[in-house]
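Undergrad: Handing you this structure, nothing more for now.
The values are calculated or read from the model by the stated rules, or taken from the named source; none is laboratory data. Every value quoted in this text rests on a predicted model; they were computed, and no experiment measured them. All Cβ positions, glycine included, derive from the backbone under ideal geometry; neighbour counts span all protein chains shown. We work out accessible area using only protein heavy atoms, side chains counted, and drop any ligands, DNA or RNA first. Shrake-Rupley method; radii C 1.70, N 1.55, O 1.52, S 1.80 Å.
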Amino acid sequence: MTTNPNSKAINAVTHFRTPEEENRMASELTTYLSEGDSYFVISKRWFTSWQKYIEPSLGGAPRPRPRPGPIDNNDIIIDDDTTSDDDPQLRRFLVEDEDYVLVPPQFWKTLLEWYNGGPTIRMTLISLFLSDARDDENVTEIRLSRQASIRELYHKVCAKTGVSQEKARIWDYFNMWKVKLLDPLSNESLEESGLLMDQDILLEVDEYSAVNDQQGLVPLEPSASGSGHSLSLEKGLAGLVNLGNTCYMNSALQCLAHTPPILQYFLRDYTDNPPLGISGELAKAFGELLNKLWSSRSNPVTPRFFKTKLDKAAPQFSGHDQHDSHELLISLLARLHEVSGIVNVCQGQCKSTLVCPVCGETSTTYDSFMCLSLPLPSKLKRSISLLSCLEEYLAEEPLGPDNRWFCPECKEKRQANKKLDLWKLPEILVLQLKRFRSSNKQHLVKKIEKFVNFPINDLDLSEYVKNKNDQSYLYELYAVSNHYSGIGGVCHYTAYAKLIDYNKWYHFNDTLVSPLVNESDIKSSAAYLLFYRRRVGSETTKPQSSDEQI
């Protein structure tokens, strides 16, 4: 009689599989775990009992070997109300090969068919590349889960190199620079520490580290000035590591990091009341980044953890393509505004008035802004003033033929005239100089390299504000985001920022930070975003003329 291969028959055959057969089949299923692969976690306790069951008998003599029960991972997962059966989470402080083992997908699938049980714990493998300071040509690949802790990283590195944990020092070695020394007792995950796919790390052994540094086996941390001379010990002079075309992000972040009310707000501790949601995670990462920038003196900071949260909250910035510092700034402020009221310091208001050209009917609306985008007047002048750009922005102009307004008096769509007025100015005023113009025919973006002469200490806007109150309309510059065009469309962003407490300006070019000798150097045709703050208590000066020249 022929038996159909139904599930019951398969289970019966599986149940009576001999230890030798399981051993042979398991060896065939073992595959290489590579970067990006999914793998599965099994309790070391259960896995050891299974290994004892399938191991060959010594001398050929049979011996009783009890078959293990169902796969049991309950000793390595969190058992509380914060996790679900569909998404089990590993307990903290576990160590690979001591508390759990990793197996490939087919291996797990076969074991599950043989023994049932669980729960299933699936993860993704990432690679870290370990350089040894004792031998600069020795690079070892270390594979761990993103959720693995720094403590587990130390354990694995030391097990692989034979170095005792008491003598090991592991560095975040991004771009072959010693960016940050990792704490061997830290329970932070690799992801929380900013260690991601293909990250370089460096192993130093204490009795060799000093000698190696002197011999130049590894580069010393760069000085903030980019030269052999270190800057003074004022805080706020840390550079930012370029993660690959992220100079646009670094430029905007340095401007925000030197914005007093935003800095003071985000330097507080978020651990007690962390903000919620994706925007909350971004706000927390932003606060942590500001803390690092203002606590590390002149050591560069790697913003990888912030970048992962930014990519999640604003996917348009994912990857390593070049983007625009203005777009990054607006997107970041909008998401911070979702979880924090502090961004209101950047929020102003414009009054928009539409006038019917036939009957004179008007319509007024009030629009909020976090940045004013000022056009550059199309005059044949090599230089223009900032106020002439503002006047161009506020000038009355007709709506386009495709954007006509329905006049409630005429009961028809009219090509109304639109007039903008400044209604309310914020404490922090950000101005964008619209240096980029698109060509519809060639689909190209051309940069306008005109020099814009902008005030540094006394921007007076009182003439342009229609809703007068007791506030000052006198502003002083404290930061600039610069855009430089290169050959073949390559561009680069830097920033100027002022340490207000010391009345000193500095140039921030990714990791390189240098003092400005002349304040006038801030003014250039590369100026793109201008950051002003209100001068409280200052006397209002006479308004500058719109044709102000150099």
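Undergrad: Among the residues in the stretch 420-436, are any out of contact with any Leu (no Cβ under 7 Å at 6 or more places or on another chain), within 27 Å of LEU282 (Cβ to Cβ) and modelled with pLDDT under 90?
TA: yes
Undergrad: Okay, moving on. Scan GLU548, GLU476 and give me the residue that is at pLDDT 95 or above and of a type outside the set (Ser, Thr, Tyr).
TA: Sole residue among the options that is at pLDDT 95 or above and of a type outside the set (Ser, Thr, Tyr): GLU476.
Undergrad: Then there is this: When you look at SER49, is it polar (S, T, N, Q), open to solvent by less than 40 Å² (accessible area, probe 1.4 Å) and either modelled with pLDDT of 70 or more or within 50 Å of the chain's Cα centre (by Cα) (or both), yes or no?
TA: No, not satisfied.
Undergrad: Hey, could you check the stretch 160-173 for residues that are in a strand (DSSP E or B) and modelled with pLDDT of 85 or more and say which is surrounded by the most Cβ atoms within 10 Å (Cβ to Cβ)?
TA: Ranking the qualifying residues of the stretch 160-173, first place goes to ILE170.
Undergrad: Which pairs have Cβ atoms under 7 Å, sit 6 or more apart or on different chains, and link a residue in the stretch 161-176 that is within 18 Å of LEU190 (Cα to Cα) to one that is open to solvent by 70 Å² or more (accessible area, probe 1.4 Å) and modelled with pLDDT under 85?
TA: ARG169/LEU181; ARG169/ASP206; TRP171/LEU181
Undergrad: Filter the stretch 174-192 down to the residues that are crowded, with 18+ Cβ neighbours inside 10 Å and in contact with a helix residue (DSSP H, G or I) (Cβ under 6 Å, 6 or more places away or on another chain) and list them by number.
TA: Result: LEU182, single match.
Undergrad: Identify, by number, the condition in (1) β-branched (Val, Ile, Thr); (2) surrounded by 14 or more Cβ atoms within 10 Å (Cβ to Cβ); (3) not in a helix (DSSP H, G or I) that VAL157 doesn't meet.
TA: Of (1) β-branched (Val, Ile, Thr); (2) surrounded by 14 or more Cβ atoms within 10 Å (Cβ to Cβ); (3) not in a helix (DSSP H, G or I), only one is false for VAL157: (3).
Undergrad: Has the stretch 120-136 got at least one residue that is open to solvent by 10 Å² or more (accessible area, probe 1.4 Å) and free of Cβ contacts under 8 Å to residues at least 12 places away in the same chain?
TA: yes
Undergrad: Can I ask one more? Against the conditions (1) part of a strand (DSSP E or B); (2) of a type in the set (Asp, Glu); (3) out of contact with any strand residue (DSSP E or B) (no Cβ under 7 Å at 6 or more places or on another chain), where does GLU476 fall short? Just the number, please.
TA: It fails just one condition, (3).
Undergrad: Being of a type in the set (D, E, K, R) and either in contact with a Ser or Thr (Cβ under 7 Å, 6 or more places away or on another chain) or more than 16 Å from PHE305 (Cα to Cα) (or both) is the filter here; which residues of the stretch 192-205 pass it?
TA: Correct list: ASP198, ASP200, GLU204.
Undergrad: Take ASP213 and decide whether it is over 27 Å from the mean Cα position of the chain (by Cα) and either open to solvent by less than 30 Å² (accessible area, probe 1.4 Å) or modelled with pLDDT under 80 (or both).
TA: So ASP213 fits the description; yes.
Undergrad: Restricting to the stretch 368-392, and then to whatever is open to solvent by 60 Å² or more (accessible area, probe 1.4 Å) and part of a helix (DSSP H, G or I), can you tell me which residue is farthest from ASP458 (Cα to Cα)?
TA: GLU392
Undergrad: Still on this structure, I have one more. I'm told THR3 meets every condition in (1) modelled with pLDDT of 85 or more; (2) among the polar types (S, T, N, Q); (3) open to solvent by 80 Å² or more (accessible area, probe 1.4 Å) except one. Can you identify the failing condition by its number?
TA: With (1) modelled with pLDDT of 85 or more; (2) among the polar types (S, T, N, Q); (3) open to solvent by 80 Å² or more (accessible area, probe 1.4 Å) applied to THR3, the lone miss is (1).
Undergrad: So in the stretch 462-478, with the set limited to residues that are of a type outside the set (Asp, Glu) and free of Cβ contacts under 8 Å to residues at least 40 places away in the same chain, which one is nearest to PRO260 (Cα to Cα)?
TA: Ranking the qualifying residues of the stretch 462-478, first place goes to ASN469.
Undergrad: Mind checking which residues of the stretch 393-407 are part of a loop (DSSP other than H, G, I, E, B) and either surrounded by 11 or more Cβ atoms within 10 Å (Cβ to Cβ) or in contact (Cβ under 8 Å) with a residue 60 or more places away in the chain (or both)?
TA: Residues satisfying the conditions are ALA395, LEU399, ASN403, ARG404.
Undergrad: Hey, among the residues in the stretch 413-428 that are out of contact with any helix residue (DSSP H, G or I) (no Cβ under 8 Å at 6 or more places or on another chain) and open to solvent by 40 Å² or more (accessible area, probe 1.4 Å), which one's nearest to ALA479 (Cα to Cα)?
TA: LYS424
Undergrad: If we only count helices (runs of 4 or more DSSP H) wholly inside the stretch 262-367, which ones have 2 or more residues that are in contact with a helix residue (DSSP H, G or I) (Cβ under 7 Å, 6 or more places away or on another chain), open to solvent by 30 Å² or more (accessible area, probe 1.4 Å) and closer than 15 Å to MET249 by Cβ?
TA: Those helices (runs of 4 or more DSSP H) span 304-313.
Undergrad: Another one. Where the second residue is open to solvent by less than 10 Å² (accessible area, probe 1.4 Å) and assigned to a strand (DSSP E or B) and the first is among the basic types (Lys, Arg) and lies in the stretch 418-438, which pairs have Cβ atoms under 6 Å and are six or more apart or on separate chains?
TA: LYS424/GLY348
Undergrad: Just for the stretch 479-528: of the residues that are part of a loop (DSSP other than H, G, I, E, B) and over 21 Å from ALA257 (Cβ atoms), which one is modelled with the lowest pLDDT?
TA: Within the stretch 479-528, the match that is modelled with the lowest pLDDT is GLY486.
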